[in-house]
1. Would you pick out the residues in segment 127-172 that are exposed (fewer than 13 other Cβ atoms within 10 Å of the Cβ), hydrophobic (A, V, I, L, M, F, W, C) and more than 22 Å from PHE95 (Cβ to Cβ)?
2. Check whether at least one residue in segment 114-126 is crowded, with 16+ Cβ neighbours inside 10 Å, more than 26 Å from the chain's Cα centre (by Cα) and not in a loop (DSSP other than H, G, I, E, B), and report yes or no.
3. Does LYS165 count as basic (Lys, Arg), modelled with pLDDT of 85 or more, out of contact with any Leu (no Cβ under 9 Å at 6 or more places or on another chain) and part of a strand (DSSP E or B)?
4. Could you check how many residues of segment 173-192 are within 30 Å of GLN12 (Cβ to Cβ), surrounded by fewer than 16 Cβ atoms within 10 Å (Cβ to Cβ) and among the basic types (Lys, Arg)?
5. Look through segment 168-188, keep the residues that are of a type in the set (Lys, Arg) and either assigned to a helix (DSSP H, G or I) or under 21 Å from the mean Cα position of the chain (by Cα) (or both), and return whichever of them is nearest to SER138 (Cα to Cα).
6. Is it true that some residue in segment 42-55 is more than 30 Å from LEU114 (Cα to Cα), exposed (fewer than 14 other Cβ atoms within 10 Å of the Cβ) and under 44 Å from the mean Cα position of the chain (by Cα)?
7. So GLY192 fits all but one of (1) under 29 Å from the mean Cα position of the chain (by Cα); (2) closer than 22 Å to GLU134 by Cα; (3) among the small types (Gly, Ala, Ser); what number is the exception?
Amino acid sequence: MEVLYEECAHNQKAKKQSVFYVIANVVFWLSILAAIITTINALLYIPSPELTGDELAAMWLLFASQWIPVALSVSLGFFAWFIKRRVNVSYDYAFVSGDLRISRIFNVNKRKFLYEITAEEIMQVGDADSQNFERLSSDPTIKTFVCTSNMSPAEDKFFMYILVKAGAQRQLYVLECREELLINILKFARRGVLEDGYVSQEDKKAAIKKEEEKQRLLQEQEQVKEPQLSAEDEQELAALRAASMTKTEEVAGDGKEEA
């Protein structure tokens, strides 16, 4: 049975981070250019073998100082390269007849293959919003790979985890995908890999919607029980209470005088 399914977990901050990527890319190439120029300039200060004594020592010191701009340019280039690899990153998932291939996409147009998971290696799959995932992710013997740049899933997607046994090591992958990817994986994985108590995303959304409706009704009931008074009504009520207390005190005073 041939199955081809592919989807992408787009970076939800791509528009903003693309600007940082362009800046980092410009700084990276300028740093390379600066490193080349400063290196050529430093080589011009190689001390002449004809020099001796203090003149030779001074020239070697001058030659060494010329490498400071080179080191700064190279350091800035490495920093810009590091930023380029961290901003505007998306992930692509391609499932082909039992094999899941995960790639990282830089600034939309550059792709790098990361991992490949076979159906035979999968030990468990499920929803990352579960106690099973919390237990697995807190296990120090399991290495976790987060294959998404987003803190919350996009609409119609959820965070799915895949527990894999690669040799003697267990690995945990977190993907941001639609439930269709999970369904396709279950077609090729062995029986029993789906976590116990898994709730379909449709039922999960229905339960959340039901709970939100319940909370809304409770809030409406509270508002009916305790109606909110305007500022003028509150002032009038306070005045009536004060007048009532004054009258009560006067009556009590008259009673004492008669006694």
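The values are calculated or read from the model by the stated rules, or taken from the named source; none is laboratory data. Bear in mind the structure is a predicted one, so any value in this text is a computation, not a measurement. Glycine also receives a Cβ, built like all others from the backbone with ideal geometry; neighbour counts cover every protein chain displayed.
1. Listed by number, the residues that qualify are MET151, ALA168.
2. Scanning segment 114-126, I find at least one residue that is crowded, with 16+ Cβ neighbours inside 10 Å, more than 26 Å from the chain's Cα centre (by Cα) and not in a loop (DSSP other than H, G, I, E, B), so the answer is yes.
3. Here the answer is yes, as LYS165 does meet what is asked.
4. Selection size over segment 173-192: 1.
5. If we filter segment 168-188 for residues that are of a type in the set (Lys, Arg), which is where we start, we get 170, 178, 187.
Filter once more, keeping what is either assigned to a helix (DSSP H, G or I) or under 21 Å from the mean Cα position of the chain (by Cα) (or both): 178, 187.
Details: ARG178: 25, LYS187: 29 Å.
Going through the qualifying residues, I end up with ARG178.
6. No, there is no match, as no residue in segment 42-55 is more than 30 Å from LEU114 (Cα to Cα), exposed (fewer than 14 other Cβ atoms within 10 Å of the Cβ) and under 44 Å from the mean Cα position of the chain (by Cα).
7. (1) is the only condition that GLY192 fails.
Table: residues versus (1) over 16 Å from ILE102 (Cα atoms); (2) small (Gly, Ala, Ser); (3) without any contact (Cβ under 8 Å) to a residue 40 or more places away in the chain.
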position	(1), (2), (3)
THR148	no, no, no
TYR161	no, no, yes
CYS177	no, no, no
ASN184	no, no, no
LYS187	yes, no, no
GLU195	yes, no, no
ILE208	yes, no, yes
